[in-house]
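Below is one structure, written out as structure tokens, with a few remarks after it.
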Amino acid sequence: MDSILVRHKWEPYVWLLPSIVLMTTFVIFPIMIVFKLAFSEISKAGIVGGFVGLQNFIDAVKAPAFGPVMINTFIWVVSVVGLSTLIGFIMAMVLNQDFRGRKIARSIVVFPWATSLVIQASIWNYIIKFEYGNLNNVLLNLGIIKEAINWRATYQIEFMWECGVGIFVTIPFVTFCVLSGLQSIDAAYYEAATVDGANFWQKLRNVTIPLVMPSLTVSTVLNIIYVFNSFPIIYTITKGAPANKTDTLITYLYMLAFYDQKKGPATALSVIGFTILCIVSGIYMMMTMKKEDA
Amino acid sequence: MKKVSSAEVMGKNRKALILAAVMLVLAIVLLSLPAYEFSATLFTKRSGNTFVGDERYVKAMSEVEAAADEYRQQGFDVTISEQVTERVNSKGETTSMVAFTVSSTNSFSAWRFLGAGLPSSRVLMAILVCIAGSAVLALLGARGTMDVQHYSLTGKAKNLRCAACWLAFIALMLVPVFVMVNTYSFSRQVTLFASGMAAEGADELMGRIGAFLYGDAVSGDLGELLSSVAYNTTWSLWALMPVLFVMLCSLIVLLKGELYAVLSRGAMYLFIIAMSILILYPFYVMFITGFRSNTETTDMYFLHMLPTQWIWSNMKDIVGRGVLRYLMNSIILSVGATTIAMICGIPAAYAMARMKFKGKNVFLGFVIMSQMFSPVVLLVGISQLMNTLKLNDSIIGLMLINAAFNQAFAIWLLRGTFLSISSEMEQAACIDGCNTVEALIRILLPMAAPGIVTTLIFVFINAWNEYTISTVLISTPINKPITVGITQFSSFNMIEWQYLFASALLATIPVVILFMCIEKHLAAGLTSGGVKG
């Protein structure tokens, strides 16, 4: 990279200054506040007291809802990221083929990504209603079922629907990340593999997957972060009901902080969530960097 | 290409044609087997506290026989069945209860449907026409060209064979349609008719179904009789599908010479169509529900796929409920956030792409790390900060936060764009006496326009769709952006779905269009920044 004539040593920093100011104020400060609050005593009215050590963390972890919420969060992240990556990968492979109507298909795939999560979640909330939901209506009309099915009989099933909606809205992002990776692969690799007599699966394993790995890594890491932090889907469909049984860490944290006014444990949970994210993303980054070096 | 003798080609084509013919015969045989079994309960009689053979039993039996005779005279084909349940009464004696059922069972082959005038009759007619047409066209297409390899076929023979394939395909697709249409008439329409909620023209349909099932025998309450009818699709109808599929395959071999490539391509199209339907389904729901009336949206028995009446006044109503204000807020918020993000992001990305300085990697790491700090985890911190800055409950506060949390993406995307443009032009300009600011504005920005527009739209959409921070920070109704504003239509005890979706429609359409514009550039930008960074 050639450098343009920079007259003063301090000039680059001037260029960076607005960005640094913006991000420090609205990203770094809140982080510092959260960390400070997590170790402070906070009254119900929100008045911040002195340092209390790990008391907030102990309160947060001891709450009966904490265990199930962590398990839910784990299921939520693993199922949504895992399945959307798998399906997104397949869709990208298909969309990378040459076929009639490919442009239209690609535009359609973008749709769920472009809608606000809260709108998408509201629609699905309506679709799966037992009494008048559209899914029952359509299936009855098509003659596929004979009487209305209760699609949300138990909270486990409701949570599965939430995961399903999560997957539905995440697929386009993965698809487009993988698609960009696929498009950058030189066709010569495939020609060489064909000459060597490789079949479809061999090409997939030895050419496609290694070459889209970088894109896949980026999309997976970003996805873990997005999905972990996803709030509107669960908040719109079940609000964590009954009794936090369908909550993930984020919705639980929101309820604690803004409904129950327990800011202390809530900030402690923020710090916990934060740490988990850093560790997971860090491990993933390191693993893939090692692979690329080797 | 391998040289194939004409005798070999002839053999292969002949095999394919014979296979198709066998399948055709099989299909006709399957159509003649019973396709549907109907059983209707005509009369039931329970007799308690009795034993098989005792006085009460005989009395009940004779009553049942009399009823059955009456139905026989009407022309029903009836069978009598009895079910005995033993039980111990309060005195400890074992008695039994006998339930008699007079029922009529009919099974009909598919041919019977042809003249019945039911909705499914037309579907069946189409299936038959397609199968027959396919057979005729295949024969015509094969006549005189049996020994010609498929790639050297003349236009006419090729077209005929191709048409045969398509007809066989349509016939295959129509089989499940036939079943669905039948289910629709026999179950859904009948239920609605029996409960008095049927749409217009149901009387006629019920009459036809009655005549189809029981000839002229039916008198009395048709709805009650029909609602007791249970029906069963038999295996022969389902077996029609694989048979037609094999026929289609052999016709494809006749046309293309090979099967695998065509089938995998067909499967791909099916996958794409299924995927598109699934993706568009929520949008369909949003669209139709936005134009329905309130009673229709929550009507359990609402049975139409489209609104019976398009209620355009929903749009007027939501405008009255302040949706325009929310939309305006969203526009101000998104435009503001995008402007701030670009004003801060472009210089930073420029410095990152074109200048060398100490701490560059530290800054890049910082940018990448800030991706991890989603605003949601920091909700408490952000709301505290906004309280201190007196920016809570204001759109300006939301703008700044959205801009800050989109900085990372903006810098990534922009840096990637700048790096992809050679710096020679700028260097030349600098030698001619331009300074760096002029080089950026006059030379680099115009060249990077596509990338900048992509970034701009991306940040705009993110800000437009943001929900969580806005719910926490904004409490005054007139300051709410649209994503938060629409939730006023859903409270705990009542959700006004039609208003919710009508306003959701207004909030979605512009964004979807914008997104489709940048779709092409976006994916490349998203990953390249990360991979290179």
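The values are calculated or read from the model by the stated rules, or taken from the named source; none is laboratory data. Predicted model only: the values in this text are computed from it and were never measured. Because the Cβ atoms are built from the backbone with ideal geometry, glycine has one as well, and the counts that use them run over all protein chains shown.
Descriptive notes on the structure:
- Helices (runs of 4 or more DSSP H) enclosed by region B:423-533 - at least 1 residues per element that are of a type in the set (D, E, K, R), surrounded by fewer than 19 Cβ atoms within 10 Å (Cβ to Cβ) and modelled with pLDDT under 85: B:424-431, B:497-532
- The sole residue among A:N150, A:N134, A:N141 that is in contact with a Phe, Trp or Tyr (Cβ under 8 Å, 6 or more places away or on another chain), surrounded by fewer than 18 Cβ atoms within 10 Å (Cβ to Cβ) and either more than 9 Å from chain B (Cβ to nearest Cβ) or closer than 30 Å to B:S470 by Cβ (or both) is A:N150.
- Residue in region A:90-111 that is surrounded by 18 or more Cβ atoms within 10 Å (Cβ to Cβ), over 30 Å from A:Y190 (Cα atoms) and at the interface with another protein chain (Cβ under 9 Å from one of its Cβ atoms) present: yes
- When A:A114, A:A105, A:A121 are checked against the criterion of being in contact (Cβ under 8 Å) with a residue 60 or more places away in the chain and either over 18 Å from A:T246 (Cβ atoms) or among the hydrophobic types (A, V, I, L, M, F, W, C) (or both), A:A121 stands alone in meeting it.
- When each of B:A348, B:A341, B:A261 is tested for being small (G, A, S), assigned to a helix (DSSP H, G or I) and loosely packed, with under 13 Cβ neighbours inside 10 Å, the lone residue that passes is B:A261.
- Looking across region A:115-131, the residues that are more than 7 Å from chain B (Cβ to nearest Cβ) and closer than 21 Å to B:A507 by Cα come down to A:A121, A:N125.
- Any chance B:V253 is in a helix (DSSP H, G or I), under 30 Å from B:E37 (Cβ atoms) and assigned by TED's automatic domain parsing to the domain that holds B:T145: no
- Applying the condition of being modelled with pLDDT under 90, in contact with a Pro (Cβ under 9 Å, 6 or more places away or on another chain) and within 12 Å of another protein chain (Cβ to nearest Cβ) to region B:291-330 and asking which residue is farthest from A:R106 (Cα to Cα) yields B:E296.
- Residues considered: B:S47, B:S32, B:S81, B:S6. Of these, the only one that is in contact (Cβ under 8 Å) with a residue 12 or more places away in the chain and surrounded by 13 or more Cβ atoms within 10 Å (Cβ to Cβ) is B:S47.
- Selection count, region B:265-292, where residues are more than 15 Å from A:R100 (Cα to Cα) and in a helix (DSSP H, G or I): 16
- Output for region B:287-333, where each listed residue is over 23 Å from B:F460 (Cα atoms) and aliphatic (A, V, I, L, M): B:I288, B:M300, B:L303, B:M305, B:L306, B:I311, B:M315, B:I318, B:V319
- Test: residue in region B:76-96 that is modelled with pLDDT under 80, closer than 30 Å to B:L237 by Cα and not in a strand (DSSP E or B): yes
- Residues (crowded, with 21+ Cβ neighbours inside 10 Å and either within 11 Å of chain B (Cβ to nearest Cβ) or of a type in the set (G, A, S) (or both)) located in region A:169-197: A:V169, A:I171, A:P172, A:F173, A:V174, A:T175, A:F176, A:C177, A:V178, A:L179, A:S180, A:G181
- The residues on offer are B:A116, B:A202, B:A194, and the sole one that is surrounded by fewer than 20 Cβ atoms within 10 Å (Cβ to Cβ), under 21 Å from B:G223 (Cβ atoms) and within 14 Å of another protein chain (Cβ to nearest Cβ) is B:A194.
- When B:I272, B:I331 are checked against the criterion of being surrounded by fewer than 18 Cβ atoms within 10 Å (Cβ to Cβ) and aliphatic (A, V, I, L, M), B:I331 stands alone in meeting it.
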